[in-house]
Amino acid sequence: MSESRSIERHHHITLCVGKAQEDYDFHTKVLGLKSVKKTALYDGDVPIYHLYYGNDVGLESTLVTTFPMRQSGRMGKQGTNQTKVLMLSIPSGSIGYWNDRLTSHGFDVKEYELFGEKRLRFAHPCGIEYDLVEVENDPRAPHSNGPVPVEHGIHGTHGITVSVLDLGLSADFMNAGWNGRLTNEDDDNARFEVGNGGSGAIVDFVAEPRRNQAGWMYGEGIVHHTAFQVADYDVQDTVKHSLVGMGFTDVSDRKDRGYFDSVYVRTPGGAMFEASVSKPTGFTIDEAYEDLGKSMQIPPVFEDQRDFLIGYLEPLQYS
């Protein structure tokens, strides 16, 4: 399976955040991403928002999605064996613009370099760390009608950084189970790339053996999972069967997420990964392209509770 590069690139990255309005304003008004979809989490019996942000069409690997958890009262626990940093791609020469923009919005920022990349570190209001990484000639189009000029706009995900106790087990998983290739190392940091590599296909690991164990349940302030795009259901099945054959017997069944179908696995380093197959209609399955993200879409599993769900969820101002 490793030669087929069946894991192509990121599909989306999902975070457990705080208040819905705070998260919505952060991603749309500060980072300038498009609100692609407003719906609810499919799992469980208590409704929680599921908010999607990305470029104009919600292209795979441009998507950041969030579960606002403040209403539930559940707090997450950051630590090792968990994804800790979300990296987003910005054009070369844009760090100065973003430094000024984020500072003016009250964020503490830090410029630094790793793996030869210029980065700007800051944190989501709920505490999850973000890096904006300068990338030359990223072909993915940024959101074209937001508050950030297109020439400085976010093009999509760049990578994630997973905190682990030991790099060896994660290397085994990436090589044998996830089609990853080791492409760089720097002290306690190791970089793997999937598919054709490059921005949107990066998984970094950092060894932090003295850090406390993270929590994995839904709760504010943690990265919940990273989804990776695969071509079709046959490939998705092949990935699952390969993982089970390696001993990962907790690989999930295929789950219908409305806009894509998902199979999940808890990696040896603790982070949850997902293999996703996009549906042909994508995000236009329940609203037209020109209306994407403008109104609440009720998941089919909650359709008989529409009025309750809308009344229960915290108010969210879209403008």
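The values are calculated or read from the model by the stated rules, or taken from the named source; none is laboratory data. These numbers were taken from a predicted model, which means no experiment stands behind them. Every residue, glycine among them, receives a Cβ derived from its backbone with ideal geometry; neighbour counts consider all protein chains shown.
Which residues, counting only those in region 58-77, are touching a helix residue (DSSP H, G or I) at 6+ places or on another chain (Cβ under 7 Å) and either farther than 26 Å from Asp232 by Cβ or of a type in the set (A, V, I, L, M, F, W, C) (or both)?
Residues satisfying the conditions are Val64, Thr66, Pro68.
If you scan region 300-319, which residues turn out to be part of a helix (DSSP H, G or I) and either closer than 12 Å to Lys37 by Cα or among the charged types (D, E, K, R) (or both)?
The answer is Glu303, Asp304, Arg306, Asp307.
Does Asp56 satisfy being of a type outside the set (Lys, Arg), more than 27 Å from Val301 (Cβ to Cβ) and either out of contact with any Cys (no Cβ under 8 Å at 6 or more places or on another chain) or not in a loop (DSSP other than H, G, I, E, B) (or both)?
Considered against the rule, which asks whether it is of a type outside the set (Lys, Arg), more than 27 Å from Val301 (Cβ to Cβ) and either out of contact with any Cys (no Cβ under 8 Å at 6 or more places or on another chain) or not in a loop (DSSP other than H, G, I, E, B) (or both), Asp56 comes out as yes.
How many residues does region 44-86 hold that are closer than 19 Å to Gly311 by Cα and either free of Cβ contacts under 8 Å to residues at least 60 places away in the same chain or of a type outside the set (S, T, N, Q) (or both)?
Adding up the residues that qualify gives 13.
Would you check which residues across region 126-145 are surrounded by 16 or more Cβ atoms within 10 Å (Cβ to Cβ) and either at pLDDT below 95 or part of a loop (DSSP other than H, G, I, E, B) (or both) and list them?
Residues satisfying the conditions are Cys126, Ile128, Asp138, Arg140, Pro142, His143.
Can you say whether Gly96 is assigned to a loop (DSSP other than H, G, I, E, B) and either surrounded by fewer than 16 Cβ atoms within 10 Å (Cβ to Cβ) or modelled with pLDDT under 95 (or both), as far as the supplied structure shows?
In short, no.
For every residue, the table says whether it meets (1) touching a helix residue (DSSP H, G or I) at 6+ places or on another chain (Cβ under 6 Å); (2) modelled with pLDDT under 95.
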| residue | (1), (2) |
| --- | --- |
| Ser6 | yes, yes |
| Cys16 | no, no |
| His27 | no, no |
| Tyr52 | no, no |
| Gly79 | no, yes |
| Lys84 | no, no |
| Met87 | no, no |
| Gly106 | no, no |
| Tyr112 | no, no |
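For region 183-299, please list each of the strands (runs of 3 or more DSSP E) lying entirely inside it that holds at least 2 residues being free of Cβ contacts under 8 Å to residues at least 24 places away in the same chain and under 23 Å from Gly156 (Cβ atoms).
189-193
Residues to consider are Thr65, Thr83; find the one that is more than 25 Å from Asp291 (Cα to Cα), in a strand (DSSP E or B) and within 18 Å of the chain's Cα centre (by Cα).
So the residue among Thr65, Thr83 that is more than 25 Å from Asp291 (Cα to Cα), in a strand (DSSP E or B) and within 18 Å of the chain's Cα centre (by Cα) is Thr83.
Any residue in region 160-177 that is within 28 Å of Lys77 (Cα to Cα), of a type in the set (Asp, Glu) and in a strand (DSSP E or B)?
Within region 160-177, none of the residues are within 28 Å of Lys77 (Cα to Cα), of a type in the set (Asp, Glu) and in a strand (DSSP E or B).
Of the residues that sit in region 238-270 and are under 21 Å from the mean Cα position of the chain (by Cα) and small (Gly, Ala, Ser), which one is surrounded by the most Cβ atoms within 10 Å (Cβ to Cβ)?
Looking at residues that are under 21 Å from the mean Cα position of the chain (by Cα) and small (Gly, Ala, Ser), I get Gly269.
Filter region 42-57 down to the residues that are crowded, with 20+ Cβ neighbours inside 10 Å and in contact with a His (Cβ under 9 Å, 6 or more places away or on another chain) and list them by number.
Leu51, Tyr52, Tyr53, Gly54, Asn55
For the subset of region 18-53 comprising residues that are out of contact with any strand residue (DSSP E or B) (no Cβ under 8 Å at 6 or more places or on another chain) and assigned to a loop (DSSP other than H, G, I, E, B), which member is farthest from Cys126 (Cα to Cα)?
Result: Asp45.
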